[in-house]
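A quick write-up on the structure given underneath.
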Amino acid sequence: MKKTLVAIAALASVSAFAQVTITGNLDFAGARVGGTALGQKGTTFSTTTGTGSTSAINIAAAEDLGGGMKATAFWGLDIRTLSNDSMSVTPVMGSAATDSQTATIRGIARHEAYVQLDSGMGTIKIGAPNSIGLGVQGDSSPLGTGIGSGYGGIADNTMVNSVVQTRYSRSFRYDTPNINGITGSFIYAPGNDQSEVLVGAGLNNSPLQIPNARRANEVGFKYVNGPLTVSAAQIMQAYQYNRTGYYAVDASGTGTLLSLATRSNIFGANYKFGNTQIYIGAGTGSANTSTTSLTSVNMSRWAVKHSIGALDIIPQYTRVKTTTAAGVTTLPTVTGLKLDYNMSKTTVAYLGYENFNTGTALATTGTTSGTRSITSVGLRKSF
(Lines give C-alpha, C1' and ligand atoms only; values in the text may rest on other atoms or scores of the structure.)
Protein backbone atom coordinates (compact mmCIF):
# COMPACT_ATOMS: atom_id res chain seq x y z
CA MET A 1 0.00 0.00 0.00
CA LYS A 2 1.43 3.34 -1.00
CA LYS A 3 2.12 5.97 1.59
CA THR A 4 1.74 9.48 0.19
CA LEU A 5 2.98 12.79 1.52
CA VAL A 6 2.04 16.17 0.09
CA ALA A 7 4.80 18.77 0.09
CA ILE A 8 4.00 22.46 -0.44
CA ALA A 9 6.75 24.89 -1.44
CA ALA A 10 6.41 28.66 -1.89
CA LEU A 11 8.77 30.64 -4.10
CA ALA A 12 8.07 34.40 -3.91
CA SER A 13 4.37 34.74 -4.73
CA VAL A 14 4.19 31.46 -6.66
CA SER A 15 3.18 28.21 -4.96
CA ALA A 16 4.16 24.84 -6.41
CA PHE A 17 2.47 21.63 -5.35
CA ALA A 18 4.31 18.32 -5.67
CA GLN A 19 2.96 14.95 -4.66
CA VAL A 20 5.67 12.82 -3.05
CA THR A 21 5.11 9.07 -3.10
CA ILE A 22 7.21 6.57 -1.15
CA THR A 23 7.14 2.92 -2.18
CA GLY A 24 9.47 0.06 -1.46
CA ASN A 25 10.27 -3.61 -1.22
CA LEU A 26 12.22 -5.59 1.36
CA ASP A 27 13.22 -9.17 0.64
CA PHE A 28 15.27 -11.32 3.05
CA ALA A 29 16.21 -14.95 2.47
CA GLY A 30 18.00 -17.65 4.35
CA ALA A 31 20.17 -19.36 1.73
CA ARG A 32 22.40 -22.39 1.54
CA VAL A 33 25.01 -22.29 -1.24
CA GLY A 34 26.79 -25.45 -2.38
CA GLY A 35 28.19 -27.12 -5.48
CA THR A 36 31.64 -27.87 -6.83
CA ALA A 37 32.70 -24.31 -7.71
CA LEU A 38 35.43 -23.07 -5.41
CA GLY A 39 34.63 -20.21 -3.05
CA GLN A 40 30.89 -20.61 -3.53
CA LYS A 41 29.78 -22.55 -0.44
CA GLY A 42 28.15 -21.29 2.76
CA THR A 43 24.96 -20.32 4.60
CA THR A 44 23.63 -16.80 5.06
CA PHE A 45 20.65 -14.59 5.80
CA SER A 46 20.77 -11.57 3.51
CA THR A 47 18.98 -9.31 1.04
CA THR A 48 21.17 -10.55 -1.83
CA THR A 49 21.97 -14.27 -2.01
CA GLY A 50 18.96 -16.45 -2.77
CA THR A 51 16.38 -13.67 -2.75
CA GLY A 52 13.53 -13.49 -5.24
CA SER A 53 13.39 -9.72 -5.78
CA THR A 54 15.34 -6.48 -5.38
CA SER A 55 15.11 -4.64 -2.07
CA ALA A 56 14.78 -0.88 -2.50
CA ILE A 57 13.08 2.28 -1.26
CA ASN A 58 11.73 4.54 -4.02
CA ILE A 59 10.89 8.22 -3.66
CA ALA A 60 8.98 9.95 -6.47
CA ALA A 61 7.96 13.62 -6.56
CA ALA A 62 5.48 14.43 -9.35
CA GLU A 63 4.16 17.84 -10.42
CA ASP A 64 1.47 18.69 -12.97
CA LEU A 65 2.87 21.43 -15.22
CA GLY A 66 -0.38 21.97 -17.10
CA GLY A 67 -1.00 21.60 -20.80
CA GLY A 68 -0.72 17.82 -20.56
CA MET A 69 2.83 17.93 -19.17
CA LYS A 70 4.13 16.45 -15.92
CA ALA A 71 7.56 16.50 -14.27
CA THR A 72 8.78 13.75 -11.94
CA ALA A 73 11.91 13.28 -9.86
CA PHE A 74 12.61 9.62 -9.02
CA TRP A 75 15.26 8.44 -6.58
CA GLY A 76 15.72 4.77 -5.81
CA LEU A 77 17.72 3.73 -2.75
CA ASP A 78 19.36 0.31 -2.79
CA ILE A 79 19.17 -0.92 0.79
CA ARG A 80 20.78 -4.28 0.12
CA THR A 81 24.26 -3.16 1.21
CA LEU A 82 23.88 -3.31 4.96
CA SER A 83 26.47 -2.10 7.46
CA ASN A 84 27.50 -5.63 8.40
CA ASP A 85 27.91 -6.49 4.72
CA SER A 86 30.54 -3.79 4.14
CA MET A 87 33.48 -4.57 1.89
CA SER A 88 36.76 -2.94 0.93
CA VAL A 89 37.34 -2.20 -2.74
CA THR A 90 40.60 -1.14 -4.37
CA PRO A 91 39.77 0.36 -7.79
CA VAL A 92 42.33 0.06 -10.57
CA MET A 93 43.04 3.63 -11.59
CA GLY A 94 46.47 3.61 -13.22
CA SER A 95 49.86 3.22 -11.60
CA ALA A 96 49.45 0.97 -8.57
CA ALA A 97 52.13 2.87 -6.68
CA THR A 98 50.41 6.25 -6.92
CA ASP A 99 46.79 5.73 -7.81
CA SER A 100 45.36 2.81 -5.80
CA GLN A 101 42.72 3.91 -3.34
CA THR A 102 40.77 1.67 -0.99
CA ALA A 103 37.14 2.51 -0.29
CA THR A 104 34.69 0.85 2.08
CA ILE A 105 31.20 0.36 0.69
CA ARG A 106 28.39 0.28 3.25
CA GLY A 107 24.98 1.71 3.99
CA ILE A 108 22.42 2.82 1.40
CA ALA A 109 23.53 3.13 -2.21
CA ARG A 110 21.80 4.74 -5.17
CA HIS A 111 19.52 2.62 -7.32
CA GLU A 112 17.56 3.82 -10.36
CA ALA A 113 17.42 7.64 -10.34
CA TYR A 114 16.29 10.18 -12.91
CA VAL A 115 14.32 13.33 -13.71
CA GLN A 116 11.35 12.67 -16.00
CA LEU A 117 9.21 14.83 -18.26
CA ASP A 118 5.92 13.49 -19.67
CA SER A 119 3.97 15.05 -22.52
CA GLY A 120 1.85 14.07 -25.48
CA MET A 121 5.10 13.46 -27.36
CA GLY A 122 6.26 10.72 -24.98
CA THR A 123 8.48 10.45 -21.92
CA ILE A 124 12.03 11.70 -21.37
CA LYS A 125 14.26 10.47 -18.53
CA ILE A 126 17.68 11.90 -17.73
CA GLY A 127 19.99 10.35 -15.15
CA ALA A 128 20.19 6.62 -14.45
CA PRO A 129 16.95 5.01 -15.70
CA ASN A 130 16.71 1.25 -16.12
CA SER A 131 17.85 -0.03 -19.49
CA ILE A 132 15.59 -1.24 -22.28
CA GLY A 133 17.34 -4.59 -22.16
CA LEU A 134 16.39 -5.06 -18.52
CA GLY A 135 12.73 -4.64 -19.47
CA VAL A 136 13.04 -7.30 -22.18
CA GLN A 137 14.71 -9.58 -19.64
CA GLY A 138 11.69 -9.13 -17.36
CA ASP A 139 9.23 -9.92 -20.14
CA SER A 140 10.92 -13.28 -20.70
CA SER A 141 11.54 -14.18 -17.05
CA PRO A 142 8.88 -14.59 -14.34
CA LEU A 143 11.79 -14.83 -11.89
CA GLY A 144 12.95 -11.33 -12.84
CA THR A 145 16.57 -10.99 -11.76
CA GLY A 146 16.14 -13.13 -8.64
CA ILE A 147 17.13 -16.67 -7.75
CA GLY A 148 16.94 -19.10 -10.68
CA SER A 149 16.70 -16.39 -13.34
CA GLY A 150 20.22 -16.66 -14.74
CA TYR A 151 20.61 -12.90 -14.60
CA GLY A 152 22.99 -12.96 -11.67
CA GLY A 153 24.86 -16.15 -12.57
CA ILE A 154 28.10 -14.89 -14.08
CA ALA A 155 31.06 -16.99 -15.14
CA ASP A 156 33.55 -15.18 -17.37
CA ASN A 157 30.77 -13.01 -18.82
CA THR A 158 28.82 -16.03 -20.05
CA MET A 159 25.36 -15.35 -18.63
CA VAL A 160 22.66 -12.81 -19.47
CA ASN A 161 24.68 -9.95 -17.97
CA SER A 162 27.23 -10.36 -20.75
CA VAL A 163 24.86 -8.50 -23.09
CA VAL A 164 22.23 -6.86 -20.83
CA GLN A 165 23.13 -3.86 -18.68
CA THR A 166 20.88 -3.07 -15.72
CA ARG A 167 21.25 0.68 -16.29
CA TYR A 168 23.73 3.33 -17.40
CA SER A 169 24.54 5.83 -14.67
CA ARG A 170 24.79 8.81 -17.04
CA SER A 171 22.19 8.37 -19.76
CA PHE A 172 19.19 9.75 -21.63
CA ARG A 173 16.07 7.65 -22.31
CA TYR A 174 13.08 8.41 -24.53
CA ASP A 175 9.86 6.36 -24.71
CA THR A 176 7.25 7.08 -27.38
CA PRO A 177 3.55 7.40 -26.63
CA ASN A 178 1.61 4.12 -26.63
CA ILE A 179 0.04 3.67 -30.07
CA ASN A 180 -2.27 0.66 -30.39
CA GLY A 181 -0.30 -1.20 -27.73
CA ILE A 182 3.13 -0.44 -29.23
CA THR A 183 5.78 1.62 -27.43
CA GLY A 184 9.24 2.44 -28.81
CA SER A 185 12.28 3.25 -26.66
CA PHE A 186 15.76 4.71 -27.10
CA ILE A 187 18.70 5.11 -24.70
CA TYR A 188 21.92 7.03 -25.21
CA ALA A 189 24.84 6.93 -22.77
CA PRO A 190 27.66 9.16 -24.06
CA GLY A 191 30.37 7.70 -21.83
CA ASN A 192 33.74 9.41 -21.78
CA ASP A 193 36.88 8.35 -23.58
CA GLN A 194 39.44 10.93 -22.50
CA SER A 195 42.92 9.43 -22.42
CA GLU A 196 45.21 9.79 -19.47
CA VAL A 197 48.00 12.36 -19.58
CA LEU A 198 51.61 11.52 -18.78
CA VAL A 199 52.97 13.84 -16.09
CA GLY A 200 56.63 13.25 -15.37
CA ALA A 201 57.12 9.58 -14.56
CA GLY A 202 53.49 9.01 -13.64
CA LEU A 203 49.98 9.30 -15.03
CA ASN A 204 47.58 12.10 -14.15
CA ASN A 205 44.39 10.70 -12.62
CA SER A 206 42.74 13.93 -11.60
CA PRO A 207 39.54 13.35 -9.58
CA LEU A 208 37.99 16.19 -11.59
CA GLN A 209 37.84 14.00 -14.70
CA ILE A 210 34.39 13.02 -15.93
CA PRO A 211 33.47 9.54 -14.61
CA ASN A 212 33.89 6.95 -17.31
CA ALA A 213 31.42 4.60 -18.92
CA ARG A 214 31.56 3.01 -22.36
CA ARG A 215 29.40 4.81 -24.88
CA ALA A 216 26.20 2.84 -25.40
CA ASN A 217 22.96 2.97 -27.37
CA GLU A 218 19.84 0.86 -26.96
CA VAL A 219 16.75 0.80 -29.16
CA GLY A 220 13.69 -1.34 -28.60
CA PHE A 221 9.96 -1.79 -28.73
CA LYS A 222 7.21 -3.39 -26.65
CA TYR A 223 3.81 -4.65 -27.77
CA VAL A 224 1.03 -5.45 -25.29
CA ASN A 225 -2.33 -6.79 -26.42
CA GLY A 226 -4.44 -8.46 -23.74
CA PRO A 227 -2.67 -11.64 -22.57
CA LEU A 228 0.23 -11.22 -25.04
CA THR A 229 3.42 -9.24 -24.40
CA VAL A 230 6.30 -9.07 -26.90
CA SER A 231 9.45 -6.97 -26.62
CA ALA A 232 12.87 -6.72 -28.24
CA ALA A 233 15.99 -4.57 -28.01
CA GLN A 234 19.29 -4.00 -29.74
CA ILE A 235 22.17 -3.15 -27.41
CA MET A 236 25.28 -1.47 -28.82
CA GLN A 237 28.43 -0.58 -26.88
CA ALA A 238 31.24 1.34 -28.55
CA TYR A 239 34.92 0.45 -28.54
CA GLN A 240 36.96 2.07 -25.81
CA TYR A 241 40.47 3.50 -25.70
CA ASN A 242 40.72 3.48 -21.94
CA ARG A 243 40.20 1.17 -19.04
CA THR A 244 36.72 0.19 -17.90
CA GLY A 245 37.20 1.56 -14.40
CA TYR A 246 35.58 4.62 -12.84
CA TYR A 247 37.84 7.18 -14.50
CA ALA A 248 38.47 7.58 -18.21
CA VAL A 249 42.14 6.65 -18.17
CA ASP A 250 44.53 4.75 -20.40
CA ALA A 251 47.19 2.86 -18.48
CA SER A 252 49.75 3.34 -21.22
CA GLY A 253 48.99 6.99 -21.90
CA THR A 254 49.00 6.20 -25.62
CA GLY A 255 45.35 5.49 -26.34
CA THR A 256 45.61 1.70 -26.42
CA LEU A 257 42.42 -0.11 -27.44
CA LEU A 258 41.11 -1.90 -24.36
CA SER A 259 37.48 -2.79 -25.18
CA LEU A 260 36.02 -3.79 -28.53
CA ALA A 261 32.63 -2.67 -29.80
CA THR A 262 29.76 -5.10 -29.12
CA ARG A 263 26.28 -5.50 -30.56
CA SER A 264 23.51 -7.77 -29.25
CA ASN A 265 19.85 -8.44 -30.01
CA ILE A 266 17.46 -9.80 -27.38
CA PHE A 267 13.83 -10.89 -27.50
CA GLY A 268 11.25 -11.64 -24.81
CA ALA A 269 7.60 -12.66 -24.82
CA ASN A 270 4.94 -14.08 -22.55
CA TYR A 271 1.35 -15.22 -22.99
CA LYS A 272 -1.27 -15.88 -20.30
CA PHE A 273 -4.17 -18.29 -20.61
CA GLY A 274 -6.26 -19.12 -17.59
CA ASN A 275 -4.03 -19.65 -14.54
CA THR A 276 -0.93 -20.35 -16.64
CA GLN A 277 1.56 -17.95 -18.20
CA ILE A 278 4.34 -19.10 -20.55
CA TYR A 279 7.57 -17.18 -21.19
CA ILE A 280 10.26 -17.40 -23.87
CA GLY A 281 13.44 -15.44 -24.44
CA ALA A 282 16.29 -15.40 -26.93
CA GLY A 283 19.40 -13.38 -27.63
CA THR A 284 22.35 -13.26 -30.00
CA GLY A 285 25.35 -11.01 -30.15
CA SER A 286 28.88 -10.45 -28.98
CA ALA A 287 30.58 -9.96 -25.63
CA ASN A 288 33.94 -8.32 -25.04
CA THR A 289 36.37 -10.65 -23.30
CA SER A 290 39.75 -9.32 -24.43
CA THR A 291 41.42 -6.45 -26.27
CA THR A 292 41.76 -8.41 -29.49
CA SER A 293 38.68 -10.60 -29.97
CA LEU A 294 35.00 -10.98 -29.20
CA THR A 295 33.01 -13.93 -27.91
CA SER A 296 29.73 -14.73 -29.66
CA VAL A 297 26.75 -15.29 -27.38
CA ASN A 298 23.50 -17.16 -28.07
CA MET A 299 20.92 -17.22 -25.26
CA SER A 300 17.60 -19.02 -24.93
CA ARG A 301 15.07 -19.26 -22.09
CA TRP A 302 11.86 -21.14 -21.31
CA ALA A 303 9.67 -20.58 -18.26
CA VAL A 304 6.17 -21.19 -16.91
CA LYS A 305 4.16 -19.57 -14.14
CA HIS A 306 1.16 -21.57 -12.95
CA SER A 307 -1.14 -20.39 -10.17
CA ILE A 308 -3.10 -22.68 -7.85
CA GLY A 309 -5.03 -20.45 -5.49
CA ALA A 310 -2.46 -18.38 -3.57
CA LEU A 311 0.45 -20.55 -4.76
CA ASP A 312 2.55 -19.70 -7.84
CA ILE A 313 4.77 -22.44 -9.28
CA ILE A 314 7.59 -21.05 -11.45
CA PRO A 315 10.12 -23.32 -13.22
CA GLN A 316 12.66 -21.66 -15.52
CA TYR A 317 15.60 -22.79 -17.67
CA THR A 318 18.21 -20.51 -19.25
CA ARG A 319 21.01 -21.55 -21.59
CA VAL A 320 23.81 -19.36 -22.96
CA LYS A 321 26.11 -20.78 -25.61
CA THR A 322 29.39 -18.89 -25.98
CA THR A 323 32.01 -19.32 -28.69
CA THR A 324 35.40 -17.61 -28.64
CA ALA A 325 37.25 -16.35 -31.72
CA ALA A 326 39.37 -19.51 -31.50
CA GLY A 327 36.23 -21.68 -31.72
CA VAL A 328 36.14 -22.79 -28.09
CA THR A 329 32.52 -23.35 -27.04
CA THR A 330 30.97 -23.50 -23.60
CA LEU A 331 27.34 -24.03 -22.65
CA PRO A 332 26.51 -22.62 -19.21
CA THR A 333 22.97 -23.23 -17.97
CA VAL A 334 20.77 -22.12 -15.09
CA THR A 335 17.86 -24.23 -13.86
CA GLY A 336 15.54 -22.48 -11.44
CA LEU A 337 12.41 -23.29 -9.47
CA LYS A 338 10.46 -20.98 -7.21
CA LEU A 339 7.30 -21.47 -5.17
CA ASP A 340 5.56 -18.24 -4.16
CA TYR A 341 2.85 -18.29 -1.52
CA ASN A 342 0.95 -14.99 -1.78
CA MET A 343 -0.12 -14.26 1.77
CA SER A 344 -1.56 -10.94 0.53
CA LYS A 345 -1.06 -8.60 -2.42
CA THR A 346 2.12 -7.23 -0.81
CA THR A 347 3.46 -10.13 1.28
CA VAL A 348 4.98 -13.25 -0.28
CA ALA A 349 6.70 -16.23 1.33
CA TYR A 350 8.76 -18.36 -1.04
CA LEU A 351 11.05 -21.32 -1.59
CA GLY A 352 13.73 -20.89 -4.21
CA TYR A 353 16.21 -23.19 -5.94
CA GLU A 354 18.91 -22.50 -8.51
CA ASN A 355 21.50 -24.71 -10.16
CA PHE A 356 24.15 -22.87 -12.15
CA ASN A 357 26.39 -25.01 -14.35
CA THR A 358 29.21 -22.98 -15.86
CA GLY A 359 29.73 -25.51 -18.65
CA THR A 360 33.40 -25.66 -17.74
CA ALA A 361 35.20 -28.49 -16.02
CA LEU A 362 36.22 -27.88 -12.42
CA ALA A 363 39.67 -26.33 -12.23
CA THR A 364 42.17 -26.77 -9.40
CA THR A 365 42.16 -23.02 -8.83
CA GLY A 366 39.71 -20.20 -9.43
CA THR A 367 36.04 -19.74 -8.59
CA THR A 368 34.22 -19.78 -11.93
CA SER A 369 34.35 -23.46 -12.95
CA GLY A 370 32.07 -26.31 -11.97
CA THR A 371 28.57 -25.89 -10.52
CA ARG A 372 26.85 -23.74 -7.92
CA SER A 373 23.53 -24.47 -6.25
CA ILE A 374 21.41 -22.24 -4.03
CA THR A 375 18.45 -23.29 -1.89
CA SER A 376 16.61 -20.51 -0.08
CA VAL A 377 13.60 -19.69 2.04
CA GLY A 378 12.52 -16.05 1.94
CA LEU A 379 9.91 -13.48 2.83
CA ARG A 380 9.13 -10.40 0.75
CA LYS A 381 7.10 -7.37 1.86
CA SER A 382 6.36 -4.47 -0.46
CA PHE A 383 4.63 -1.20 0.36
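The values are calculated or read from the model by the stated rules, or taken from the named source; none is laboratory data. Keep in mind it's a predicted model, so treat the numbers as computed, not measured. All Cβ positions, glycine included, derive from the backbone under ideal geometry; neighbour counts span all protein chains shown.
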Where Val297 falls short, out of the listed (1) within 21 Å of the chain's Cα centre (by Cα); (2) at pLDDT 95 or above; (3) crowded, with 18+ Cβ neighbours inside 10 Å | (2)
For segment 34-45, does any single residue satisfy the condition of being under 30 Å from Asp118 (Cα atoms), modelled with pLDDT under 85 and of a type in the set (A, V, I, L, M)?
-> no
Can you tell me which residue among Gly68, Gly127 is surrounded by fewer than 16 Cβ atoms within 10 Å (Cβ to Cβ) and either modelled with pLDDT of 95 or more or in contact with a strand residue (DSSP E or B) (Cβ under 8 Å, 6 or more places away or on another chain) (or both)?
-> Gly68
Examine segment 85-94 for a residue that is of a type in the set (Gly, Ala, Ser), modelled with pLDDT of 70 or more and in contact with a strand residue (DSSP E or B) (Cβ under 7 Å, 6 or more places away or on another chain), and state whether such a residue exists.
-> no
Give me a count of the residues in segment 209-231 that are more than 23 Å from the chain's Cα centre (by Cα), of a type outside the set (A, V, I, L, M) and at pLDDT 85 or above.
-> 3
Applying the selection to segment 166-208, what residues are modelled with pLDDT of 85 or more and polar (S, T, N, Q)?
-> Thr166, Ser171, Thr176, Asn178, Asn180, Thr183, Ser185
Taking segment 260-294 and the residues there that are in a strand (DSSP E or B) and among the hydroxyl-bearing types (Ser, Thr, Tyr), the one that is surrounded by the fewest Cβ atoms within 10 Å (Cβ to Cβ) would be Thr276
Give the number of residues within segment 308-353 that are under 25 Å from Leu26 (Cα atoms), assigned to a loop (DSSP other than H, G, I, E, B) and in contact (Cβ under 8 Å) with a residue 60 or more places away in the chain.
-> 1
Taking segment 25-66, which residues are touching a residue at least 12 places away in the same chain (Cβ under 8 Å) and at positive phi?
-> Gly35, Gly39, Gly50
